[in-house]
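Every number here is computed from the coordinates shown, using simple stated rules; none is lab data. The shown structure was predicted, so the numbers you read here are calculated from the model rather than taken from an experiment. As a convention, Cβ positions derive from the backbone with ideal geometry for all residues, glycine included, and neighbour counts pool all protein chains shown.
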Amino acid sequence: MSFGAGDYLEMFLRFCLLSLLSVGGAITTVPGMHHYLVDERHWLDGRGFTASISLAQAAPGPNILFVAVLGWNAAGPLGALACMAGIMLPASALMLALASWIRANRDALILRAFTAGMLPLTLGLMLTTGWLLAVPFLQVPSHAVGTVVLIVATVVAALKTRLSPAWLVLAGGLVGLLGFV
Amino acid sequence: MTADAAVEPQLAARRPESLGELFRVFNRLALQGFGGVLPVARFELVEREQWLAPDEFVELLAICQVMPGPNVISLALLFGHRYFGLRGAAVGVAGMLAVPTVLVLGLALVYGRIASHPAAVAALRGMGAVSAGLIISTAVKSMPALRRNALGVTLGVALTLATIVGLLWLHLALYYLVPVLGGFGTWAAWRALRRRGTVR
């Protein structure tokens with residue numbers, strides 16, 4: 001598969017748009033990234049998409065780096081650059097432009113309404129993201145049950161213990177390697 | 001406890017002396033964060049370096065959470081900007097990202113080589129299920145907030161379900177789903193908060 005300058009530019013612009021929608025963190029825009037990279041352009045399959053996010057969670061550093069891995073796995077080094085620049089630049093510029101206004105008005109009705117009003121959307125986006133990551137495995141009958149069990153176990157472990165997410169991801173890798181999923 | 005201590009504003013004891021120091025501290029805290037840098041950032045900036053008073057950290061984070069963008073990156077951006085202007089913003093973010101990016105892309109490179117090996121496929125299946133579980137657990141942790149939300153539980157749950165249905169069944173794009181549902185949620189919360197009177 002070869003990529004032209006136009007592809008990288010489109011990638012950058014798509015991620016710019018997602019950047020502006022990423023209230024609640026970049027992870028909430030995963031459904032948009034999935035739609036673009038997997039369903040629309042077929043640069044990644046569902047497993048490759050999920051693996052990209054798993055790899056980023058297993059490594060140290062800010063969560064946002066999953067975007068670099070997605071870009072890399074979809075379109076190589078320039079893909080990583082296009083996606084990262086896109087997801088970072090518009091939100092950062094907006095942040096610097098509006099930070100002092102928000103600081104001065106943080107008790108304003110409109111900001112409190114915005115925070116409250118966005119919460120259900122953020123929740124829905126994260127639950128959808130969980131589903132999209134799991135669906136490549138749920139669709140294979142021989143792996144569906146194991147996947148559901150492991151997801152439930154992870155949710156319980158994340159809520160009841162203080163284990164770092166990276167350890168949980170690595171433990172998941174071991175469980176998979178041993179053939180339980 | 002004296003009355004004075006309660007009203008006196010808390011201020012940071014120290015500040016970053018140079019761009020190099022800024023880079024080093026943000027790099028150090030990023031590398032300690034496995035699957036979430038925020039708790040480390042709090043420890044490093046508030047307790048170890050004392051660059052931020054506890055209240056300042058909370059305030060800065062609150063600003064980051066209102067705005068789009070990854071919260072912890074926005075934190076580095078605003079913190080760097082406060083002391084060194086645009087250069088500081090760039091150096092703070094670079095400190096947070098430079099080395100972790102190299103590490104994670106190294107992993108991606110290895111992944112590219114072994115992705116089709118049966119053992120790698122099996123391991124990544126387990127890792128993928130855990131990744132899905134982790135993101136679902138983040139959502140589950142925020143669910144109690146829905147009960148305290150100005151929208152009320154019914155509307156909150158309805159909007160959450162509408163988001164999921166819109167994305168998974170109707171295949172709506174985020175570009176209009178977020179503005180429409182987010183806009184409606186904000187409007188409804190605004191009405192509820194105003195009706196309640198601005199009691200705090």
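Sorted from fewest to most neighbouring beta carbons within 10 Å, what does the list A:16, B:64 look like?
If I rank by nearby Cβ atoms, fewest first, I get A:16, B:64.
Need the C-alpha centroid separation for the stretch B:59-89 versus the stretch B:167-189, integer Å.
Rounded to whole Å, the Cα centres lie 26 Å apart.
Summarise the partner chain shielding of A:22-29 as one whole number: the mean count of Cβ atoms from other chains within 10 Å of each residue's Cβ.
6
Please work out the FRET efficiency for the pair residue B:62 and residue B:196, using the Cβ-Cβ distance as r and a Förster radius of 22 Å; give the result to the nearest 0.05.
0.60
Of the peptides A:131-143, B:91-103, how do they stack up when ordered by the mean number of other Cβ atoms within 10 Å, highest first?
Packing proxy ranking, top to bottom: B:91-103, A:131-143.
Arranged by the count of other C-beta atoms within 10 angstrom, fewest first, what order do A:101, B:169 take?
Fewest-to-most ranking of A:101, B:169: B:169, A:101.
If you take each beta carbon of peptide B:167-173 and count the beta carbons of other chains within 10 angstrom, what is the mean?
4
Consider a paramagnetic label point 7 Å from the Cα of residue B:121 along Cα→Cβ; state which residues of the stretch A:140-181 have an amide N under 19 Å from it.
Taking a point 7 Å out along Cα→Cβ of residue B:121, the residues of the stretch A:140-181 whose backbone N falls under 19 Å are A:140-148, A:173-181.
Per residue, how big is the convex hull around the C-alpha atoms of chain B? Give it to me in cubic angstrom, could you? Walk me through the numbers before you get to the answer.
On the way: hull volume 39.1 nm³, N = 200.
That works out to 195 Å³ per residue.
Please compute the modelled spin-label separation between residue B:47 and residue A:13, points set 7 Å along Cα→Cβ, answer in nm with one decimal.
Label at residue A:13, label at residue B:47, 4.8 nm between them.
Would you please give the residues with an amide H less than 5 Å from that of residue A:23, counting only those at least 5 places away or on a separate chain, with H modeled from the backbone geometry?
Excluding prolines and chain starts, which carry no amide H, the hits are B:69.
What share of Cα pairs, in percent, lie more than 28 angstrom apart in the protein assembly as shown?
Counting pairs separated by more than 28 Å, the tail of P(r) holds 46 percent.
Could you work out how far apart the two model spin labels at residue A:41 and residue B:55 are, taking each label as a point 7 Å from the Cα in the direction of the beta carbon, and quote it in nm?
Those two pseudo-labels are separated by 4.7 nm.
From the P(r) of the stretch B:3-114, can you give the percent of Cα pairs sitting at distances over 25 Å?
25
Apply 1/(1 + (r/R0)^6) to the Cβ-Cβ distance of residue B:168 and residue B:86, taking R0 = 56 Å, and write down the FRET efficiency to the nearest 0.05.
0.85
Can you tell me how much longer the chain between residue A:5 and residue A:98 gets when fully stretched, taken as 0.36 nm per residue apart minus their C-alpha distance, in nm with one decimal?
Gain in length upon complete extension: 30.2 nm.
Run the dipole for the stretch A:5-119 about the Cα centre, Lys and Arg Cβ at +1, Asp and Glu Cβ at -1, nothing else charged, and hand back the magnitude in debye, nearest 20.
380
Using every pair of alpha-carbon atoms in the stretch A:32-119, split the distances into 5 Å bins beginning at 0 and state the percent of pairs per bin, rounded to integers.
Calculated P(r), rounded to whole percents: 3, 13, 16, 18, 13, 12, 12, 9, 4, 0.
Fewest first, what order do B:141, A:160 take by the number of other Cβ atoms within 10 Å?
Sorted ascending by nearby Cβ count, the order is A:160, B:141.
Count, for each residue of A:42-49, the Cβ atoms from other chains sitting within 10 Å of its Cβ, then give me the mean as a whole number.
Numbers: counts 0, 0, 0, 0, 1, 5, 4, 1.
For this peptide, the per-residue mean of nearby foreign Cβ atoms is 1.
What does the net charge come to around residue A:6 if you take all other residues with beta carbon closer than 13 Å to its beta carbon, with K and R at +1 and D and E at -1?
So the surrounding residues net to 0.
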